[in-house]
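Engineer: Here's a structure for you.
The values are calculated or read from the model by the stated rules, or taken from the named source; none is laboratory data. Predicted, not measured: the structure shown is a model, and the values here were computed from it. Cβ placement follows ideal geometry from the backbone for every residue including glycine, while neighbour counts extend to all protein chains displayed. Each accessible area value is taken on the protein alone, full model and side chains, heavy atoms only, with ligands, DNA and RNA left out. Shrake-Rupley method; radii C 1.70, N 1.55, O 1.52, S 1.80 Å.
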Amino acid sequence: MRSDILLGELRPGSKLRLSSLARSYDAGAIPLREALNRLSTEQLVSQHDRRGFYVCDVSKEDVVDLTQTRCWLYEGALRESIARGDGAWEDELVLSFYRLGEVSRYENDDPSRVNPAWTDPHRRFHTALIAACGSKRTIAISENLFDQAERYRNLARLKHYKASVHEEHRSIMEAALRRDSDAAVKELLDHLKATCETVVKALC
């Protein structure tokens, strides 16, 4: 269910009826309610009193707020990660970038078809950037915000897509490996803001 929300298969604002979910996911009411409550804490599902559960809606205002929050969080975490990172951190960053490059963003090179296999390597790369920051809580929050942003990215890909994403990731990685905090932060924040602009255009 979580994957279907992130991929846009379960559309924003749609009602999540237990009977339909039970058929779709071959699960009982208790585990489904537990899953819905967990997704609610991740802000992917909302619960309306006496009306049940719904997929959280999307808006231009929300994605702008989400992006600004990620920028604030990532800037401090990335600077700290670059300052504290050792050889193992560098190795993981390079490996995560390499593995991300091995997976196509789209199914059959069709920009209108999201490749579900791209999400995990993408998350791993962004987590690797800040993995040495020394704060597990910061990393956990960043991954949750990543997933919220991923849903927006997947919805936007139906209308717009960026061809330069891999090179943007490369520039961020190379600046981090040079231990150039200012450049790495700029590249990362520009990357996040450019994606936000793409999503806003798609929502218009």
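Engineer: Testing the spin-label approximation: label points 7 Å from Cα along Cα→Cβ at ASP57 and VAL94. State their distance in nm.
Structural biologist: 4.9
Engineer: Fully extended, how many nm does the chain gain between LEU18 and LEU177 (0.36 nm per residue separation, minus their Cα-Cα distance)?
Structural biologist: Values: separation 159, 0.36 × 159 = 57.24 nm, distance 4.81 nm.
Extra length available between LEU18 and LEU177 comes to 52.4 nm.
Engineer: Moving on. Probe of 1.4 angstrom, ligands and nucleic acids ignored: what's the accessible area per residue over the chain, in square angstrom? The partial results should precede the final answer.
Structural biologist: Details: 10850 Å² over 204 residues.
The answer is 53 Å² per residue.
Engineer: Next question. Return the long-range amide H neighbours of VAL45 (sequence gap of 5 or more, or a different chain), with a cut-off of under 5 Å between placed amide H atoms.
Structural biologist: Counting only residues 5 or more places away or on other chains, the set is SER40, CYS56.
Engineer: Between ARG84 and ARG11, what is the label-point separation in nm under the 7 Å Cα-to-beta-carbon projection?
Structural biologist: Placing both labels 7 Å along Cα→Cβ, they lie 4.4 nm apart.
Engineer: Further question on the same structure: Working from Cα positions, state the angle (0 to 90°, nearest 10) between the long axis of helix 181-203 and the longest principal axis of the chain.
Structural biologist: 30
Engineer: Could you give the length gained on full extension between LYS193 and GLN47, defined as 0.36 nm per residue of separation minus the Cα-Cα distance, in nm? Display every interim value, and only then the final one.
Structural biologist: Details: separation 146, 0.36 × 146 = 52.56 nm, distance 2.98 nm.
The LYS193-GLN47 span can extend by a further 49.6 nm.
Engineer: Now a separate question. Sum -39500 (n - 2.57) across every DSSP H segment of at least 4 residues in the chain, then divide by the residue count to get the 222 nm mean residue ellipticity, nearest 500.
Structural biologist: Working: 9 runs with 136 residues, N = 204.
Counting only the DSSP helices, I get -22000 deg cm²/dmol.
Engineer: How big is the dipole moment of the chain about its Cα centre under a simple scheme where the beta carbon of each Lys and Arg is +1, that of each Asp and Glu is -1, and everything else is neutral? Debye, nearest 20, please. Walk me through the numbers before you get to the answer.
Structural biologist: Values: 31 positive and 32 negative charges, 159 e Å.
The calculation lands at about 760 debye.
Engineer: Identify, among THR69, TYR98, SER135, the residue whose Cα sits farthest towards the positive end of the charge dipole of the chain, taking +1 on the Cβ of Lys and Arg and -1 on the Cβ of Asp and Glu, with the dipole about the Cα centre.
Structural biologist: Positive-most Cα among the choices belongs to THR69.
Engineer: Could you please report the charge total around ARG17, scoring K, R as +1 and D, E as -1 over all other residues with beta-carbon less than 13 angstrom from its beta-carbon? All intermediate terms of the calculation are to be shown ahead of the outcome.
Structural biologist: Values: positive: LYS15, ARG23, ARG33, ARG51; negative: none.
Computed value for this residue: +4.
Engineer: For labels at SER135 and HIS166 in the simple 7 Å Cα→Cβ model, what's the distance in nm?
Structural biologist: With each label placed 7 Å out from Cα toward Cβ, I get 3.4 nm.
Engineer: Show me the three semi-axes of the equivalent ellipsoid for the chain, from the C-alpha gyration tensor (sqrt of 5 times each eigenvalue), largest first, rounded to whole Å. List each step's numbers first, then the result.
Structural biologist: Details: eigenvalues 193, 69, 53 Å².
For the chain, the ellipsoid semi-axes come out as 31, 19, 16 Å.
Engineer: How big is Rg to Rh over the stretch 87-204, alpha-carbon atoms, Rh as the Kirkwood inverse-mean-distance radius?
Structural biologist: Details: Rg = 14.2 Å, Rh = 14.8 Å.
Here the Rg-to-Rh quotient is 0.96.
Engineer: Within 12 Å, Cβ to Cβ, of ILE172, how many net charges do the neighbouring residues add up to if Lys/Arg are +1 and Asp/Glu are -1? Present the calculation step by step, with values, prior to reporting the outcome.
Structural biologist: Details: positive: ARG170, ARG178, LYS186; negative: GLU167, GLU168, GLU174, ASP180, GLU187, ASP190.
Cβ neighbours under 12 Å give a net charge of -3.
Engineer: In whole percent, and with a 1.4 Å probe on the protein chains, what portion of the accessible area of the stretch 68-204 is carbon and sulfur? If you can, show how the numbers build up before the last one.
Structural biologist: Values: 3340 of 6640 Å².
Within the stretch 68-204, the accessible surface is 50 percent carbon and sulfur.
Engineer: Please compute, for the alpha-carbon atoms of the stretch 37-114, the extent along each of the three principal axes and give them in descending order in Å.
Structural biologist: Result, largest extent first: 53, 37, 25 Å.
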